[in-house]
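The values are calculated or read from the model by the stated rules, or taken from the named source; none is laboratory data. Predicted model, so just to flag it, every value in this text is computed and none were measured. Cβ placement follows ideal geometry from the backbone for every residue including glycine, while neighbour counts extend to all protein chains displayed.
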Amino acid sequence: MNVKEMLTIGTFFLCVSCTSNIDLGTPVEQVTINRIDSMPDIPVTYQMLDWKKKARDFDKFVFDWENTSKVGPLIWLDNASRNIDQPTFGLYTAVKDIRQGKNVNNGEFHESLNSLAAILGAGLVGIDKTNQDGYNYVKMAQNYFNSDTGWNIVMNNTTSSVGSKGGGYGRDWWYDVLPNALYYAVCDVFPGVDGAESIQKSIAEQFTKADSVLNGNYDYSYFDYGKMRGGLIIYLFNKM
């Protein structure tokens, strides 16, 4: 199912819900105010940003391996070959984050939320991330599919050894759900990449199993997709 089909289905159910027989009370009458109606929908002085240009400029800057600006390169190779026998890439989550870079934490601390969003944004403005400067970034992002841990879903990091450095790897629900949504979106924009279909199938199977186990009870901090059980994180705070 592609994004357009999902949006169509979602719109259908929204329309059905809006046309139900639920009593929503007396409708509020729209009042016409002449002064307001005389105002333009878009002020003549308003200048819309060229978001397409901004997105393309962002991609050109961030994926520049020889960036000579003051901040230097914001991308590096990760040759640890976690989960899949291939190199992947890292992007700084924040400019020059001291936890990140090719010479820190074995070059492995980078986040899929950042990398997948960058790939998706570039694809939406027409940049082919499967063939850019000799790299297939879409294929390289598959290293975020955590098969080594047995979770078999796309996670925020490639390995648990750096998962504790920041973010909610394996311990915060949205951190483990959103990367998969982003990955599906990337696959919709860049279909047919080798290995993508099997990863998507595994994700779907894992989430289906998890839903059956949870049986409507989502009162957990996260879900362990390896052991198929919910987990809780208890935070202790010192009294001031």
Of D64, D97, D41, D85, the only residue that is within 27 Å of G167 (Cα to Cα), modelled with pLDDT under 95 and acidic (D, E) is D97
**OP:** Would you confirm whether any residue within region 208-223 is modelled with pLDDT under 95, surrounded by 13 or more Cβ atoms within 10 Å (Cβ to Cβ) and polar (S, T, N, Q)?
**Re:** yes
Sole miss for S198 among (1) hydroxyl-bearing (S, T, Y); (2) in a loop (DSSP other than H, G, I, E, B); (3) under 25 Å from L120 (Cβ atoms) is condition (2)
In the set N67, N83, the lone residue that is part of a loop (DSSP other than H, G, I, E, B), of a type outside the set (S, T, Y) and within 19 Å of T158 (Cβ to Cβ) is N83
M48 passes all but one of the listed conditions (1) exposed (fewer than 10 other Cβ atoms within 10 Å of the Cβ); (2) modelled with pLDDT of 95 or more; (3) closer than 20 Å to V125 by Cβ; the exception is number (2)
